Amino acid sequence: MLSGIKQKAIVGKDGKIELSATELPEGTVVEVIVLVETPTEEDETIYLLKSEANKKHLLKALENVQKGNLIYVDLDDLNYF
(Lines give C-alpha, C1' and ligand atoms only; values in the text may rest on other atoms or scores of the structure.)
Protein backbone atom coordinates (compact mmCIF):
# COMPACT_ATOMS: atom_id res chain seq x y z
CA MET A 1 0.00 0.00 0.00
CA LEU A 2 1.21 3.49 -0.87
CA SER A 3 0.75 6.56 1.25
CA GLY A 4 1.96 10.06 0.61
CA ILE A 5 3.42 13.06 2.31
CA LYS A 6 3.18 16.43 0.61
CA GLN A 7 5.25 19.39 1.70
CA LYS A 8 6.92 22.39 0.15
CA ALA A 9 10.64 22.96 0.31
CA ILE A 10 13.11 25.51 -0.97
CA VAL A 11 16.18 24.45 -2.89
CA GLY A 12 19.20 25.44 -0.85
CA LYS A 13 22.89 25.86 -1.50
CA ASP A 14 24.33 23.43 -4.05
CA GLY A 15 20.80 22.23 -4.94
CA LYS A 16 20.21 20.68 -1.54
CA ILE A 17 16.58 19.93 -0.63
CA GLU A 18 15.69 19.06 2.96
CA LEU A 19 12.46 17.34 3.97
CA SER A 20 11.26 16.51 7.43
CA ALA A 21 9.10 13.41 7.88
CA THR A 22 9.16 12.58 11.58
CA GLU A 23 6.27 10.13 11.11
CA LEU A 24 8.53 7.82 9.08
CA PRO A 25 10.80 5.48 11.03
CA GLU A 26 14.51 5.54 10.30
CA GLY A 27 15.42 3.19 7.47
CA THR A 28 12.08 3.46 5.68
CA VAL A 29 12.54 3.21 1.91
CA VAL A 30 10.87 6.10 0.08
CA GLU A 31 10.63 7.32 -3.50
CA VAL A 32 10.98 11.07 -3.98
CA ILE A 33 9.41 13.01 -6.86
CA VAL A 34 10.23 16.71 -7.19
CA LEU A 35 7.60 18.91 -8.83
CA VAL A 36 8.88 22.38 -9.70
CA GLU A 37 6.47 25.30 -9.45
CA THR A 38 6.65 27.67 -12.38
CA PRO A 39 6.58 31.30 -11.34
CA THR A 40 3.25 32.99 -11.99
CA GLU A 41 3.22 35.98 -14.27
CA GLU A 42 3.42 39.20 -12.39
CA ASP A 43 0.53 41.64 -12.68
CA GLU A 44 1.46 44.29 -15.26
CA THR A 45 0.58 47.18 -12.98
CA ILE A 46 2.74 45.85 -10.15
CA TYR A 47 5.62 45.32 -12.60
CA LEU A 48 5.33 48.85 -14.00
CA LEU A 49 5.10 50.43 -10.54
CA LYS A 50 8.39 48.85 -9.42
CA SER A 51 10.40 51.49 -11.26
CA GLU A 52 10.17 54.90 -9.60
CA ALA A 53 10.31 56.65 -13.01
CA ASN A 54 7.49 54.47 -14.38
CA LYS A 55 5.47 54.99 -11.21
CA LYS A 56 5.70 58.79 -11.54
CA HIS A 57 4.80 58.63 -15.24
CA LEU A 58 1.79 56.35 -14.65
CA LEU A 59 0.49 58.42 -11.73
CA LYS A 60 0.83 61.61 -13.81
CA ALA A 61 -1.05 59.94 -16.69
CA LEU A 62 -3.80 58.85 -14.29
CA GLU A 63 -4.04 62.39 -12.95
CA ASN A 64 -4.39 63.71 -16.52
CA VAL A 65 -7.18 61.23 -17.25
CA GLN A 66 -9.03 62.23 -14.09
CA LYS A 67 -8.76 65.91 -15.11
CA GLY A 68 -10.01 65.15 -18.61
CA ASN A 69 -6.68 66.07 -20.21
CA LEU A 70 -6.90 63.55 -23.02
CA ILE A 71 -5.65 63.49 -26.59
CA TYR A 72 -7.78 61.54 -29.03
CA VAL A 73 -6.12 60.03 -32.08
CA ASP A 74 -8.05 58.48 -34.96
CA LEU A 75 -5.87 55.61 -36.11
CA ASP A 76 -7.51 55.67 -39.54
CA ASP A 77 -6.06 59.15 -40.07
CA LEU A 78 -2.49 57.93 -39.56
CA ASN A 79 -0.37 56.99 -42.55
CA TYR A 80 1.78 54.04 -41.55
CA PHE A 81 3.62 53.65 -44.88
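The values are calculated or read from the model by the stated rules, or taken from the named source; none is laboratory data. Bear in mind that the values here come from a model prediction, so they are computed numbers and not experimental data. Heads up, the Cβs are rebuilt from the backbone with ideal geometry, glycines too, and the neighbour counts pull from every protein chain shown. SASA here: full protein model, heavy atoms, side chains in, ligands and nucleic acids out. Shrake-Rupley method; radii C 1.70, N 1.55, O 1.52, S 1.80 Å.
Once label points are set 7 Å from the Cα along Cα→Cβ at both residue 53 and residue 65, what is their separation, rounded to one decimal in nm?
2.2 nm
Under a crude label model (7 Å from the Cα following the beta-carbon direction), how far is residue 72 from residue 6 in nanometres?
Each label point is offset 7 Å from its Cα along the Cβ direction, giving 5.3 nm.
So, with +1 on the Cβ of K and R and -1 on the Cβ of D and E, and no other charges, what is the size of the charge dipole of the range 1-73 about its Cα centre, to the nearest 20 debye?
On the way: 9 positive and 12 negative charges, 108 e Å.
I would put it at about 520 debye.
Per the helix-only calculation at 222 nm, which mean residue ellipticity applies to the chain, given -39500 (n - 2.57) for every DSSP H run of n ≥ 4 and division by its residues, nearest 500 deg cm²/dmol?
Details: 2 runs with 22 residues, N = 81.
The helix-only estimate for the chain comes to -8000 deg cm²/dmol at 222 nm.
Please give the per residue accessible area of the range 1-80, computed with a probe of 1.4 Å over protein heavy atoms only, in Å².
Each residue of the range 1-80 exposes 107 Å² on average to a 1.4 Å probe.
DSSP loop (so not H, G, I, E, B), at most 15 other Cβ within 10 Å: list which trypsin sites (Lys or Arg not before Pro) in the range 18-60 pass both filters.
Details: sites: 50, 55, 56, 60; in loops: 50.
Taking the range 18-60 and a limit of 15 other Cβ atoms within 10 Å, the loop trypsin sites (Lys or Arg not before Pro) found are 50.
Taking one equal scatterer on every alpha-carbon of the chain, how large is log10 of I(q)/I(0) by Debye at q = 0.13, 0.17, 0.25 1/Å?
Values, matching the q order: -0.72, -0.94, -1.21.
Expressed as an acute angle from 0 to 90° and rounded to the nearest 10, what is the orientation of the C-alpha long axis of helix 52-67 relative to the principal long axis of the chain?
Rounded to the nearest ten degrees, it is 50.
For the chain, which whole percent of the accessible surface, found with a 1.4 angstrom probe, sits on carbon and sulfur atoms? If you can, show how the numbers build up before the last one.
Values: 4980 of 8820 Å².
Percent of accessible area from carbon and sulfur atoms in the chain: 56.
What residues qualify as long-range amide H neighbours of residue 24, i.e. H under 5 Å apart, gap of 5 or more or another chain, H built at 1.01 Å from N?
Amide H neighbours of residue 24, under 5 Å, 5+ apart: none.
Could you tally up the Lys pairs in the chain with alpha carbons closer than 26 Å? Skip any pair fewer than 8 positions apart unless they're on separate chains. Intermediate results must be reported in sequence, preceding the final value.
Values: 6/16; 8/16; 50/60; 50/67; 55/67; 56/67.
Here the count comes out as 6.
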